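Asker: Got a structure for you, written out below as structure tokens; questions coming shortly.
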Amino acid sequence: MDLRRLSGDAILRTQTAAPGDGFGGSAAAGQYNAIAIQASENVNTYDLLSVDPTTGAVTFDDNGFGYKSVTGKIFGTVRYPGPTFATAMATAPTGSIKTDLVLLTLDAKIGHLNPATTVDLNFTNEKEGLNSASFSFVCWAEEYLDSDPIKMDNRFGRKGLLYSEPATQSTPTSPITPVTLLGLIETQEFLANDGRLNQYFSLLSHDDQAVPTTFVP
């Protein structure tokens with residue numbers, strides 16, 4: 001059995017100062033695992049991966065001695081940002097939610113000029129309402145959901161589903177082509193004094209339509 005994977009994890013710890021708090025405010029930590037990418041069937045455990053000797057490029061194409069392909073569409077559950085809702089114990093919001101969308105494409109050459117990746121994003125709510133936005137980034141991006149150009153907040157709904165159309169790239173001299181897309185959601189809960197209460201991450205899932213590519217580090 002092949003155990004080769006591209007994998008990893010990250011733990012982010014933050015602390016926010018609050019007025020009059022001698023301990024520097026509330027602290028929160030968030031953790032997520034990397035999206036695992038399996039090696040090709042031609043690669044056995046502990047084998048060296050094949051890379052381009054000139055560029056160091058690694059293939060994600062299922063066929064060679066690199067990694068398997070990933071896809072160009074993402075989907076997952078999202079908590080919409082904005083003031084928290086009033087409850088039976090509180091007549092006014094007691095804090096707020098901030099939600100970040102992080103997107104990444106493997107169709108990039110590090111240290112070179114890269115074309116923008118464009119992806120259409122769809123958002124639903126509890127009543128199956130639908131809002132859409134188009135988003136572009138170069139290599140990777142982290143964007144608040146309630147800022148331009150996405151502009152999604154909890155006036156639309158408390159929670160919903162985010163799903164994308166296929167990500168693409170194009171240049172003045174090349175046609176529109178499908179590209180890879182990976183992503184995660186970061187959600188932060190804040191108290192009324194802006195002290196961060198909780199921080200958590202959700203990896204976005206992807207479909208089964210592979211997009212072969214080569215990544216040049």
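Asker: Give me the distance between the Cα centres of segment 202-217 and segment 123-181, rounded to whole Å.
Answerer: Result: 16 Å between the Cα centres.
Asker: DSSP loop GluC sites (Glu not before Pro) in segment 105-189 with at most 16 other Cβ atoms within 10 Å of their Cβ, which ones? All intermediate terms of the calculation are to be shown ahead of the outcome.
Answerer: Numbers: sites: GLU126, GLU128, GLU142, GLU143, GLU186, GLU189; in loops: GLU126, GLU128.
Qualifying residues, ordered by number: GLU126, GLU128.
Asker: So, one more: Return a whole-number percent for the relative contact order of segment 84-197, with Cα pairs under 8 Å and 6 or more residues apart as the contact set.
Answerer: 36 percent
Asker: Let me ask you something else. Give the relative contact order (percent, whole number) for the chain; include only Cα pairs under 8 Å separated by 6+ residues.
Answerer: Relative contact order, the chain: 28 percent.
Asker: What is the count of Lys pairs in segment 48-215 whose alpha carbons sit under 22 Å apart, if the two are 8 or more places apart or on different chains?
Answerer: Taking the Cα cut-off of 22 Å, the pair count is 10.
Asker: Rg and Dmax of segment 48-215, Cα atoms, in Å?
Answerer: My reading of the Cα-based Rg and Dmax gives 18.8, 65 Å.
Asker: While we're looking at this one, here's another question. Quote the charge dipole size of the chain about the Cα centre in Debye, to the nearest 20; the model charges only the Cβ of Lys and Arg (+1) and of Asp and Glu (-1).
Answerer: Numbers: 14 positive and 24 negative charges, 87 e Å.
Dipole size: approximately 420 debye.
Asker: Using the count of nearby Cβ atoms within 10 Å as a rough guide to exposure, how do HIS206, HIS112 rank from fewest to most?
Answerer: Details: HIS206 21, HIS112 7.
With the sparsest Cβ surroundings first, the list reads HIS112, HIS206.
Asker: May I ask which residue of LEU49, PHE190, VAL138 lies farthest towards the positive end of the charge dipole of the chain, with charges of +1 (Lys, Arg) and -1 (Asp, Glu) on Cβ and the Cα centre as origin?
Answerer: Looking along the dipole axis, the top candidate is PHE190.
Asker: Sort LYS68, LYS127, LYS159 so the one with the fewest other Cβ atoms within 10 Å of its own Cβ comes first. Before the final figure, lay out each step's value.
Answerer: On the way: LYS68 19, LYS127 9, LYS159 12.
Least to most surrounded, the residues fall as LYS127, LYS159, LYS68.
Asker: Follow-up question, since we're still on this one. Taking the mean number of other Cβ atoms within 10 Å as a proxy for protection, how do you rank 115-121, 46-52, 146-152 from highest to lowest? All intermediate terms of the calculation are to be shown ahead of the outcome.
Answerer: Working: 115-121: 19.0, 46-52: 12.1, 146-152: 14.9.
Top to bottom by mean Cβ count within 10 Å: 115-121, 146-152, 46-52.
No value in this document is a laboratory result; all are computed from the given coordinates. Because the structure is predicted, anything quoted here is derived from the model rather than measured. Neighbour counts run over all protein chains shown; Cβ positions are idealised from the backbone, glycine included.
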